[in-house]
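The values are calculated or read from the model by the stated rules, or taken from the named source; none is laboratory data. Because the structure is predicted, anything quoted here is derived from the model rather than measured. We place every Cβ from the backbone using ideal geometry, glycine too, and count neighbours over all the protein chains shown. Quick note on the areas: whole protein, heavy atoms, side chains included, nothing else; ligands and nucleic acids left out. Shrake-Rupley method; radii C 1.70, N 1.55, O 1.52, S 1.80 Å.
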Amino acid sequence: MFIEKNADARIACKLSTKQVSISSKRKLYCSHTLKYKASAMSLQDVLWIVLTVQLSFGVCYFENNQRTQDYDVDKNGSVHHKNWVRDEMMDSLGMYWLKWWINANENSIYFEVTVHTRGFAGLGFSKDGRLARADVVLLWVDDATGHANVLDCHGASGPPLQDDTQNYHVIDGKQNGTHTFLKFKRKIETCDPFDIPLSADTFKVLWSIGENDPIHGNLDWHGQSRGVKSLQLFSPMFTKNSNSIEGTQKWDITVNNVTIEKSMDTLYWCKIVRLPELTGKQHIIGYEPLLSGKYNTNVVHHMTLFECQSKLLYGSDPSSWDLWVRSAGTVCNSNQLTPRDWDSCSTPVAVWSLGSDGQFLPPHAGIPMGGASGVRYYMLEIHYDNPDGKESVDHSGFRIHYTPNLRTHDSGILISGVSVSETQLIPPGQKKYRSVGICGPSCSSVMFPKDGIKIISGTLHSHQAGRTISLRHVRSGKELNPIIVDDSYDYRHQKVHQLANETVILPGDYLITDCSYETELRKRPTFGGYSSKEEMCLSFITYYPKIEMSGCYSMTPVREFIEMFRVYQFYSFNMTDVENMFLYNTDYDVDSRHTKNATTKSNYGKTSKEDVIYQESLLNKLVISDPPEFHDRTFLSHLNQLPWHDPLFTKRVEQAFITGTHMTFCRVSKDSLSIPSEIIRYPEFTSYVKPPAACLNYFFTDNEELRSGSSRFLTDFTLILLLIQLGFQTTFL
């Protein structure tokens, strides 16, 4: 078996070399020269054997993917999508189309490109969007011979450099008078330090179009047009065209003439709308954003459409809802402006954030709307982020796609994570600092059906400091495979993570939203809040069957948060008063503009936006009385003076917040249920351990540096030492 695999590898390498050798009139130039002599080939052959064996034992990422049907269902009723194919238009004009799918039997990913050129197409994979760190492949059909070519390269400071090993393999290719078509594949994990291992993270996929085939001295990435697009390569993605249903209708929900003034840095605007006249229950099968401005000029940061339980609050006047429908809306959650009844608008049915295209559900699930027991009113909430101080008028919102042809399951969306509060603290100067939010048994044991809920997809949400987010799953003292992991989170590209394999969450399970942040350039602590300068840690989870729950959060208890920093009392307020300020926005003659309100810029001097947030913070209005050594400081100034530069101190604070006590909240969407908040300890469980890397060379090298174009010699030298060491160990065993 080893001999056959080694032979196959050498044949593939020779074929790749032969494909690169085009006609004598068009010889390909590659600035990366071979470094190895014939005397070293025997050792290289050994290396091929080792790497091939590693791949043969690699972890399969998906179920069988022979594309005979869309999905199958296991004994628990969970759907496994195994035959999905993704299509993405990479540019804005339809000049470059990319298609891909997974073949789990081969542990491979297949690609097809269709590009409006008779020259070359470039495709690259990067974590940060830079060509210098990218895994690059150049694709073309030779004008003279008609042969299809793929050239495995890596980004460098100049033109791309050819890899020593060709891990992209051409399957088919052709061109006509206007377009080039190529089909090719690669292993998900190649064990080549110049190839990025593909995963469920958000990748920056680079693309380029060249007018001519690569020729001598012109191995260049920069063609006539190029760009980058964030994609989740391992997620199936349903579109409005993938499961078209006869009778599907559209409902456009938008705000009207919302004015964002220059002085507004952050604005949350809410608008009540009424359900259209429907004949019975319908299913929402998807939604997409309607943005009134261009992507690079729009000030919309995120939008949510909520169901409203118009009969939830005692003493509510049902006729008031129609009056609110006719109004233009108002600032959200303002004690002075927002009607109290709007607190009942808490269950999401549509969520959009920067970079998202919306979401379309798989064909077995739909979000219910209408019907005898359905809600009649919805609230559209839009967060405007205006860092450049522009004046604009907005008309954004959602386009809802719905159908009377009901699907098998009623679906819903719930929010989980860290409750938005200034008790979430991220110190300054941190390369990586974590916060976690818990959804525990107080919710899942009461609200989840005995067979559990099945998660279809999730949208992960934090703000500018967010770097990684995962949705973790704990059952019976053991952490299971994470539901969603994005180690390359980018707040500008918050696309939905569609699960290839739906996950069952049973009563008693824990869901943990785990976020890490980077604040190396920040000089002051960052707190949880609604401005994009503040932070969040949330998961918007789409699931079925629908339950009467809208959210499941946790936060550090207020008293524990304050006493963590050796503060025990404030002037004018006892600790109960302070807790009520945080939990219920109780004023106590304190300006509570830390809530979801419009924050404005200072008219005095050159006060920054961060200064405004700090000045209006509730933490800045609490003056310490005990202990005496801190008295007359505001709690905020006290936090600013702590030794955050000390890694031991910072790590101790981080661990205390994660593994300490958490106040959990289970928000229900109907008044028939009421689940009180609960203070719990962080659960004890055996943590999930990620399987070890299949590639031995990744243990000994910093492949990010290698991918940037530095010498390959160190990698091969390290592997040689490893093989020699293994040989000695084998000899003396």
Got a number for carbon plus sulfur as a percent of segment 327-475's accessible area, 1.4 Å probe? 46 percent
What does the charge count around Tyr517 come to, taking other residues whose C-beta lies under 11 Å from its C-beta (Lys +1, Arg +1, Asp -1, Glu -1)? +1
For segment 520-527, Karplus-derived ³J(HN,Hα) couplings (6.51, -1.76, 1.60; θ = phi - 60°; whole Hz; x for glycine and proline) come out as 4, 9, 8, 9, 10, x, 10, 10
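Would you mind getting the accessible area per residue of segment 87-224, heavy atoms of the protein chains only, 1.4 Å probe, in Å²?
33 Å²
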So for His395, His401, what's the accessible-area order with a 1.4 Å probe, most first? His395, His401
Past 20 Å, Cα to Cα: identify those pairs from Lys75/Lys450; Lys82/Lys187; Lys187/Lys229; Lys271/Lys390; Lys127/Lys495, in the order given. Lys187/Lys229; Lys271/Lys390
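Tell me the net charge near Leu290. Cut-off is 9 Å between Cβ atoms, Leu290 excluded, with +1 for each Lys or Arg and -1 for each Asp or Glu.
Values: positive: Arg399; negative: Asp252, Glu288.
That works out to -1.
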Probe radius 1.4 Å, ligands and nucleic acids left out: which of Met237, Met536 has the largest accessible area, and how do the rest follow? Met237, Met536
Expected field for Thr279, accessible surface area in Å² at 1.4 Å probe radius, rounded to 10, holds 130 Å²
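Please give the peptides 559-571, 681-693 ranked by average Cβ packing (other Cβ atoms within 10 Å per residue), highest first, as a rough proxy for protection.
Those peptides, ordered most packed to least, come out 559-571, 681-693.
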